[in-house]
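Trainee: Shown below is the structure under consideration.
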Amino acid sequence: MTPTCRRALAVFLALFALGLSALAQAPDADSQKLFADAVASLERGAIDDAIDRFESLADQGFVHPDASYDRAAAYVARARSVNARPGDLGRAAAALEETLALRPGDADAEHALDRVRGEIARRRARERAEPVVAKTSLWRAVVGLLDEQVWAVLAAIGSTLSTLGLVIRRATAARRIHLGATTAASIGAVLLFSAGGMTLAARHLRLTSRPAVVVVADARLLDESGKPLIQKNGVPEHVSMAEGTSVWLMERRGQLARIEWGSMQAWVNAGQLRVIATR
Amino acid sequence: MTSRRLLALLAVFAALLAAPRARAQGTYSLQSQISSREVEVGETFTFRLAALVDQGAATPRSPTLKVPPGFVVHGPSVATQQQISLSGGQFTQRTGISATWTLEASHPGRFTIGPASVELNGHRVTGDSAQVEVVPAGAGKRQPNPFDPFGFGLPPMPKLPGFDDTPDLGAPELPPFPEELRVQHPDDPLAFLRAVAKPTEVVVGQQLTLKIYAYGSRGPFRETNTSEPSREAFLAHNILDNSYSEPMYRVPIGNDVWQAKKVRELALFPIQAGKLTIGSMRMGFDGRGYPSSGAHGVERLSAPLTITVTEPPAEGRPPGYKLGDVGRFALSASVAPRAISAGEAISIVAKLEGTGNLPFTLRVPQQSGVTWLEPTTVDEIEPHGSVIGGWRKFTYVVRIDRAGDVDLGEITLPYWDPERESYDTARAKLGVIKVKPANGNEPKEPEPNDALKDAITLRKTLGAPAASSARLSDERWFWWLLVLAPLGVTLTGQGVSLARRLGHKVRESKESHSALAAKALAEAARQASAGDVAKAASAAERAVLLALEGSLGLKARGLLRDALGTELADRGVKQELADEITSLLGACDDARFTGASETTDARSFAERAERAVREIAKLKKNGGANES
């Protein structure tokens, strides 16, 4: 299966799962107006005002993939202007990650995120800084192959298949039907246990960690007491994370945040991260 | 020589008796003082010896004090002293030392302190001793001495005849003092610091005022060896940064009069939310009545304080509000010039005035073709009473590249007003700038970084919202259904099988030989009661044959009577029972075919058959006929 096919399948399954989920929430009038004002500000070149309004929307708990997308547009606009501020591209990357978390498969957001990450990498290369390193743990990668809801639907299909197989197996004496039912029940049981296990794991990861993005030029990795990690003989592999790096926020303790980055766990200053809103 | 010295000592002793508080012998005088005649356990008091000699004589040195066991002694602290007196029309000048010991009793009782002594011309001379009554802690009745307000241990005014100790006018009136210094109980019998923060619940950026007061019970004091209270989570403005210029007040606390003054006052602005701590302030009390610990006098710490800091409410928060912008502000702005050519710049001066933590940034009205450069700022911020306020000027250079009448809009500052408990926005309108078309000589606006050009296109309307966050895996029923559906089918199948097996067994037991035999016996009894011999015999025969088949596996119906006897014998049935079975079956045969029996009536068929069946059943129970 080609990557494109695999991605298409993932998107299809995600949309299928989304279709099964409950009704979507509609934005209220105040949020709509604030969004329209923010867009208008951005169109007339009032970038800071637009950013303030998009951030105000987020602060009010308004979560929408298009609002996140436009927030990214506002940060990108400022990053291109003479009033660019450090972290603008990181915030843009965070907003685009949020769009994708809220609407998986948004091609424009994926494309824009690639461009923003590419620009960050280009600027870091110019400054001879470490490139953006995308890392994820094997466990997260396996569980993240499909959306949690898709895993749950697969587990439900496995349960149904197994149940029907068992019923038919009992109900019929015909040898061929009996054999078919036994096979179906076995496949269903395997699907039930594997997809059920993945559902449990995905739920656990969702409840114990939140996606976040680094929004400063360099987020220094710290130990639990807040002291910077020191590299000795190549260990740890990294002592800082580049702007735009995606991590998992595991825990907050005062001004410090414990993060998972690939197989590594460390602490950073919580203000250096932007937590991604998820569904 | 010895007798002369003895006489001199006797003379000194006599002088002591005559004037117990002062001793003078020729060229020197010794004077002893105790700060209190009654003290509590743990309370400190002082003993002072002043040794003076005529000018020009050797200075007294090496003061020592005799102290009974159970006393903690600090000191002595030694100071030089000078005394000038007029006697007989001539000035007499005497010099010497004053040695002060600080004592603390550890248990109650009456004790003699002293005498203290000094070395003078190679000899040790002693002063007076003093009696002190030590009472348990808290049992003392210390009365303020209005004639010794500074705690120097001066004796009270001698009583005049006819005047009572306690005048009717009550306690002497103290000069007025600020109410903020009033406390009900002292935190320490000697000296203490009191820290007060108001308010203790604020939002991020809201001013709170920290005041620290010092109290001393032994008279005036100076601030020494101070360490400031820690306050990492706050921006601080000093309102009062040392106590030297602060007046000291006499403040009644309990039954005593204390010296008190404000030593610090700070305006603090929290920079983060949470339970924030203001650390302790340490201060040394330096003064004549305060024993020294090391070189810094009595040291005391104020209690740390906890301030609850929250964020202003998210509800109603205006766009662009920055956490920490708290106070009450007003904005004004001046713009010059009002007419320029495209590509030229104007100057905008915005003045922010008010009270609170004046922000460093304002929201400027950006628009296409108008470029705002970073402002330069000047300010004048200072305390007004206990409130921090003033002004800050922001000077912007704004370049306008668009020709025409350009409405600049307004500069704004959203802030939280803690007094009104609501958000507000300070505004300054900038007006319209007339911009003539460029003449072509102006520098071009720098091109934006184009690496990201068209990377992202604005979405003007909201599309489909994110799907609901409801997930199957968060529903309890989902997990029950997931597991219970196949498990239920499996368990139901097993149950059905079990039920089937049970039914089969029940049916089987119902159709067993013994059951059929019992049925046949019942039929025989019923037919016997009805008097039908043939049917009773038939049923009795059937019962016996079924019993034989069930117990011995012998199908006796097809056997001849003789053969049956042999067969039964071969299977180990007792001869007696075999004969009875053979006889009964024969009789039954007869009765079936003839309808009557010569020897047996219908009832006896049933009874004989029942006995036979019972005996046959015993053969089965005993594990086979051979063993029976």
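Trainee: Being loosely packed, with under 13 Cβ neighbours inside 10 Å and not in a strand (DSSP E or B) is the filter here; which residues of the range B:374-389 pass it?
Mentor: Of everything in the range B:374-389, those that are loosely packed, with under 13 Cβ neighbours inside 10 Å and not in a strand (DSSP E or B) turn out to be B:GLU374, B:GLY385.
Trainee: Filtering the range B:244-287 down to residues that are out of contact with any strand residue (DSSP E or B) (no Cβ under 8 Å at 6 or more places or on another chain) and in contact (Cβ under 8 Å) with a residue 24 or more places away in the chain, which residue is surrounded by the fewest Cβ atoms within 10 Å (Cβ to Cβ)?
Mentor: Out of the qualifying residues, it is B:ASN255.
Trainee: I need a count of the residues in the range B:491-523 that are loosely packed, with under 15 Cβ neighbours inside 10 Å and away from chain A (no Cβ under 14 Å).
Mentor: 14
Trainee: So which of B:ALA303, B:ALA314, B:ALA345 is assigned to a loop (DSSP other than H, G, I, E, B) and farther than 21 Å from B:ASP417 by Cβ?
Mentor: From the options B:ALA303, B:ALA314, B:ALA345, the qualifying one is B:ALA303.
Trainee: Test of understanding: among B:GLY488, B:GLY463, which residue is farther than 30 Å from A:ARG80 by Cα, modelled with pLDDT of 85 or more and either exposed (fewer than 14 other Cβ atoms within 10 Å of the Cβ) or more than 7 Å from chain A (Cβ to nearest Cβ) (or both)?
Mentor: None of the others qualify; the one that does is B:GLY488.
Trainee: Return the only residue of A:VAL216, A:VAL247 being β-branched (Val, Ile, Thr), in a loop (DSSP other than H, G, I, E, B) and closer than 27 Å to B:ILE271 by Cβ.
Mentor: Only one candidate qualifies: A:VAL216.
Trainee: Another question about this same structure. For the range A:53-64, which residues satisfy the criterion of being facing another protein chain (nearest Cβ under 7 Å), part of a helix (DSSP H, G or I) and surrounded by fewer than 24 Cβ atoms within 10 Å (Cβ to Cβ)?
Mentor: If the condition is that a residue be facing another protein chain (nearest Cβ under 7 Å), part of a helix (DSSP H, G or I) and surrounded by fewer than 24 Cβ atoms within 10 Å (Cβ to Cβ), then A:SER56, A:ASP59 are the ones that fit.
Trainee: Which one is nearest to the other protein chains (Cβ to nearest Cβ) among residues in the range B:292-310 that are in contact with a Lys or Arg (Cβ under 9 Å, 6 or more places away or on another chain) and crowded, with 16+ Cβ neighbours inside 10 Å?
Mentor: Going through the qualifying residues, I end up with B:VAL309.
Trainee: Sticking with this structure for a sec: Across the range A:146-168, which residue is nearest to B:VAL483 (Cα to Cα) among those that are more than 8 Å from chain B (Cβ to nearest Cβ) and free of Cβ contacts under 8 Å to residues at least 24 places away in the same chain?
Mentor: The residue in question is A:GLY165.
Trainee: Hey, among A:LEU96, A:LEU89, which residue is at pLDDT 90 or above, within 11 Å of chain B (Cβ to nearest Cβ), under 30 Å from A:ALA219 (Cβ atoms) and out of contact with any Leu (no Cβ under 7 Å at 6 or more places or on another chain)?
Mentor: Checking each option against the conditions leaves just A:LEU89.
Residues are listed down the side, and each one gets a yes or a no for (1) surrounded by 24 or more Cβ atoms within 10 Å (Cβ to Cβ); (2) over 18 Å from A:PRO211 (Cα atoms); (3) in contact (Cβ under 8 Å) with a residue 24 or more places away in the chain; (4) basic (Lys, Arg):
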{"site": "A:ALA50", "(1), (2), (3), (4)": "yes, yes, yes, no"}
{"site": "A:ALA93", "(1), (2), (3), (4)": "yes, no, yes, no"}
{"site": "A:LEU96", "(1), (2), (3), (4)": "yes, no, yes, no"}
{"site": "A:ALA101", "(1), (2), (3), (4)": "no, no, yes, no"}
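Trainee: Please indicate, with yes or no, whether at least one residue in the range A:178-197 is under 21 Å from the mean Cα position of the chain (by Cα) and facing chain B (nearest Cβ under 10 Å).
Mentor: Among the residues of the range A:178-197, at least one is under 21 Å from the mean Cα position of the chain (by Cα) and facing chain B (nearest Cβ under 10 Å), which makes the answer yes.
Trainee: Still on this structure, please answer the following. From the list A:ARG71, A:ARG6, pick out the single residue that is more than 9 Å from chain B (Cβ to nearest Cβ) and modelled with pLDDT of 95 or more.
Mentor: Just a single option satisfies the conditions, and that option is A:ARG71.
Trainee: Taking the range A:248-265, which residues are crowded, with 16+ Cβ neighbours inside 10 Å and more than 26 Å from A:GLU148 (Cβ to Cβ)?
Mentor: The answer is A:LEU256, and nothing else.
Trainee: Identify all residues within the range A:203-262 that are at positive phi and small (Gly, Ala, Ser); write none if there are none.
Mentor: Within the range A:203-262, A:GLY226, A:GLY234, A:GLY244, A:GLY254, A:GLY262 qualify.
The values are calculated or read from the model by the stated rules, or taken from the named source; none is laboratory data. Predicted model only: the values in this text are computed from it and were never measured. With ideal geometry, Cβ positions are generated from the backbone for all residues, glycine too; neighbour counts draw on all protein chains shown.
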